[in-house]
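What follows is calculated from the coordinates using simple rules that are stated; it is not laboratory data. Note that the structure is predicted; figures quoted are calculated from it, not measured. Positions of Cβ are backbone-derived with ideal geometry, glycine not excepted, and every protein chain shown enters the neighbour counts.
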Amino acid sequence: MSPSFECAVPCRGNYELKKMGKQTKKEAQIKEAQINQNTPVIKLKGVGEKANALFAKIDVATVGDLLSHYPRDYESFALPVTVGETVPGEVCAVYVAVAGIPNQKTVRSLTILNVIVRDETGGMLLTFFNMPFLKKTLKPGGYYVFRGLVQTRGTAKIMEQPKIYGLEDYRRQCGQLMPRYALTKGLTNQAVLKAVRQGLDAIEYEEEFYPRKFLERHELISVREALRGVHFPADYEALKKARRRLAFDEFFGFILMLRKNKELVQGLDNCYPMLETADTVRFLEQLPFPLTNAQKRVWSELREDMAGAHCMNRLIQGDVGSGKTILAVLALLMCAANGCQGALMAPTEVLARQHYEGICAYTRQYHLSFRPVLLVGSMTAAQKREVYAQISSGEANLIVGTHALIQGKVTYHRLALVVTDEQHRFGVRQRESLAGKAEQGTGAIGDGHPHVLVMSATPIPRTLAIILYGDLSVSVIDELPADRLPIKNCVVNTSYRPKAYDFIAKEVAAGRQAYVICSQVEEGELEDVENVVEYTGKLRAALPASVQIAYLHGKMHPVDKNRIMEEFAAHNIDVLVSTTVIEVGVNVPNATVMMVENAERFGLAQLHQLRGRVGRGNCQSYCIFVSSNEKKETMERLDILNHSNDGFYIAAQDLKLRGPGELLGVRQSGDLAFQIGDVYADATVLQEAAGAVDELLGKDAELMGDEYRDLRHYFEAHRRHDKNVTDFRTI
């Protein structure tokens, strides 16, 4: 029999237990130092030069940045259960004895340690990767708490890479709702927790910026309570209230800026009226494929906008492969044929280069009137100077690039059309910046405001798109080309992995390529989540040595990221293990397999976006969604992807299934780069925030009343500094 276990700690986290009414020495020091949101994080106790540099890597420079670095997930440490009580697909803790000497083997560069553990109800196999030291640490007959994701292999229960605790250590954590943060190598979760605690003590003295009646009407807790509740929640209910307030703030600020932006651009005179020329007609006649009816409808809307009395400000929304890019090329060609410049801005260098090369190929093949240039950040200073000269002189009439297009040294000659690809990767301010470049042009007429066309493959239901793209007219391409092969999908549990690896090996042997998606970069605090770095090692051990495998994630240096994506596009890499950084940014028609680990942790809409990385060529493509959670409702939710490749249908289902009660375990989609708000899980909050903005502006369009003074000042600062709307963001 194993020793008895009792949880001695109440559910409220021990880091929050302090005597009420007494000010600690730390609080007194912080208050005396007058730390506020703009204070550099290095001013906090315990944050030295080294820690400050690590915080900078996760975009935390000030206390305000720190407090808005919200937990990416939470863990609840429940009482241990017996081996017999464990449920496959759930994270469990077991208090068991090590049965026998651990067995160690090496497969290529991967060390695998297998350990049998037992209690009175049965045994379980534990597997550890690249942790050979545990062979000496785990003594036969010794009792330990092992916590991890329970899986099955045949009839046997297993845990891979579980965390190990002593009895007393686990007791101290039992019952807590522990926040887990996005980290970087060298920065621990505990270090972030410690810094956040200090920052929260400083924020206690911040004033509320919404009027009291506004808070009451919308049932919002205070910002102080929300920040404390999201970082150190007493329970799930406190977390829900905190998240709702912070998501409301994000949506409110974003929509407020959209409404003001709409006032600026709506009804602007068309300074660059465009007439359809023979160039676009001839190009369409020569294309080897006809436009779909949906494409024809949208092309008609673009022509009318560009020739109309007012500036075009339009979004094209359509699934991957629906043909948005050819419409953008047609609009840019119409612009060039009318003697003007056009700009196409993409969120990554690889995607910008692919757009540039595709347009150059069209130009050569069909003798188009484009004189294109490429402008990206990795170019040398001399290369950039040459391109700047071509742009300012008007020699180049089509400029393709990344955010380098909006940098100060770029002067346009007669910029009349701005196209941004993957709209949700750019903030409102960046679209304004690129559009504003036209007004500084050397050949501008009138106020010089260009036409704006944005494209997105993110399948957002129309009710939400009207809110999120409130400053744009929306065109939807709801039809795929008839010759596109539908992707074959399957939703499986973790026991299917060996078959999936065999299938990937066969596809690679046939000359194809594959993606494997993990939601974590490297081994972190979450026991049930696969990570890119460790998984790459496991995959190398499982696949033939001839298969070339590499990994990719957002924390890599931009030069390294571009190199890996280019190597994969060139087929020098067979299998790419990646985070969702590949959701946008590379087009590889030869890739036929997409395997997503921990699929249950993603929203359906984002899984559909990831699936769009395959199915771009002439060969049959496949998507394998691996769920480590085998609960009926989880598998049923994922099964929707089995029956539809329609992004808008899937988005509608995502909206129904991911209500505000589902806060944990499902990765935020990343749409529009909100830090905490999720347009699917928080759809009702988004709609409420939109209504609140409209109501407020209806009463006081400029927020000049005394009761709105703090609100006005807060959102003026929000407009200048919020990373959601001013920074160039990629996943």
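Coupling constants for region 143-157 follow from the phi torsions by the Karplus curve (6.51 cos²θ - 1.76 cosθ + 1.60, θ = phi - 60°), and in residue order they are 9, 9, 9, 10, 10, x, 7, 7, 10, 10, 9, x, 9, 7, 8 Hz; glycine and proline get x. Here the extension length gained between residue 216 and residue 357 equals 45.2 nm, from 0.36 nm per residue of separation less the Cα-Cα distance. Counting neighbouring beta carbons within 10 Å and listing from fewest to most, the residues 72, 512 come out as 72, 512. Count Lys and Arg as plus one, Asp and Glu as minus one, and take only other residues whose Cβ is under 14 Å from that of residue 40; the net charge is then -1. Multiplying the residue separation of residue 310 and residue 572 by 0.36 nm and removing their Cα-Cα distance gives an extension gain of 89.5 nm.
A cut-off of 5 Å between modelled amide H atoms, ignoring neighbours fewer than 5 places along the same chain, links residue 371 with 397, 398. Under a 5 Å amide H cut-off, with hydrogens placed 1.01 Å from N, residue 415 pairs with 341 among residues at least 5 apart or on other chains.
Which of 325, 684 has the fewest other C-beta atoms within 10 Å, and how do the rest follow up to the most?
If I rank by nearby Cβ atoms, fewest first, I get 684, 325.
The order of the peptides 240-248, 303-311 by mean Cβ neighbours within 10 Å, most packed first, is 240-248, 303-311.
Protection proxy ranking, highest mean first, for peptides 414-420, 395-401, 638-644: 414-420, 395-401, 638-644, where packing is the per-residue count of other beta-carbon atoms within 10 Å, averaged. Around the amide H of residue 93, modelled in the peptide plane, lie the amide H atoms of 81, all under 5 Å away and 5 or more residues distant in sequence or on another chain. Between residue 275 and residue 236, the FRET efficiency from the beta-carbon distance, with R0 = 41 Å, is close to 0.10. Available extension along the chain between residue 90 and residue 185 is 31.4 nm, counting 0.36 nm per residue and deducting the alpha carbon span.
With each label modelled as a point 7 angstrom along the Cα→C-beta vector, the residue 284-residue 411 pair spans 3.8 nm.
Among residues other than residue 276 with Cβ under 15 Å from its Cβ, the summed charge is -2 (Lys and Arg +1, Asp and Glu -1).
Counting neighbouring beta carbons within 10 Å and listing from fewest to most, the residues 281, 329 come out as 281, 329.
Averaged over residues, the count of other Cβ atoms within 10 Å places the peptides 138-149, 283-294 in the sequence 138-149, 283-294, highest first.
With θ taken as phi - 60° and the Karplus curve 6.51 cos²θ - 1.76 cosθ + 1.60 applied, the whole-hertz 3J(HN,Hα) list for region 210-222 is 8, x, 4, 5, 5, 4, 5, 5, 9, 6, 9, 6, 5 Hz, x standing for glycine and proline.
In order along region 459-471, the phi-based Karplus estimate (6.51 cos²θ - 1.76 cosθ + 1.60, θ = phi - 60°) of 3J(HN,Hα) comes to x, 9, x, 4, 4, 7, 4, 4, 6, 6, 10, x, 9 Hz; Gly and Pro are listed as x.
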